[in-house]
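Heads up: the structure comes next, in structure tokens.
The values are calculated or read from the model by the stated rules, or taken from the named source; none is laboratory data. Note that the structure is predicted; figures quoted are calculated from it, not measured. Virtual Cβ from ideal backbone geometry, glycine too; neighbours counted across all protein chains shown. To get the accessible areas, we keep the full protein, side chains included, count just its heavy atoms, and leave off ligands, DNA and RNA. Shrake-Rupley method; radii C 1.70, N 1.55, O 1.52, S 1.80 Å.
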Amino acid sequence: MNKIDMIHEHYVLRSGLNSLRMLMFKKIPLESLTPEQDADAQAVANKNKNYRTTEPDDIDYDAEWAFINDMKAKYSALPDIDYDK
């Protein structure tokens with residue numbers, strides 16, 4: 001992958017992670033996370049930190065996309081939280 005494509009992929013990967021974070025916020029109550037949900041939220045936070053501090057050519061994009069897609073599938077199945085209650 002050339003440098004420009006890699007930088008673009010890095011940007012798209014970070015966008016995918018941000019989308020996942022918003023999905024999780026929409027689906028799980030932050031004040032009463034289960035241990036598994038807390039671990040997932042921490043894993044996403046760690047990935048975000050890693051993406052900011054790692055050179056684009058040092059990232060395994062296939063593995064990172066697999067993580068994001070697995071988490072999106074997991075949290076998409078949950079009902080939305082009604083914050084108006």
Legend entry - Space enclosed by the convex hull of the alpha-carbon atoms of the chain, per residue, Å³: 94
Legend entry - DSSP H segments from the chain that extend 24 Å or more along their own axis, Cα-based, with Kyte-Doolittle mean of -1.0 or above: 3-27
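When the dipole is taken about the Cα centre of the chain, and only Lys, Arg (+1) and Asp, Glu (-1) are charged at their Cβ, what size is it in debye, to the nearest 20?
Values: 11 positive and 16 negative charges, 55 e Å.
Magnitude of the dipole: close to 260 debye.
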Legend entry - Cα centroid of region 1-38 to Cα centroid of region 60-80, whole Å: 8
Legend entry - Solvent-accessible heavy-atom area per residue, rounded to whole Å², over the chain at 1.4 Å: 68
Legend entry - Portion, in percent, of the accessible area of the chain that falls on carbon or sulfur, probe 1.4 Å: 53
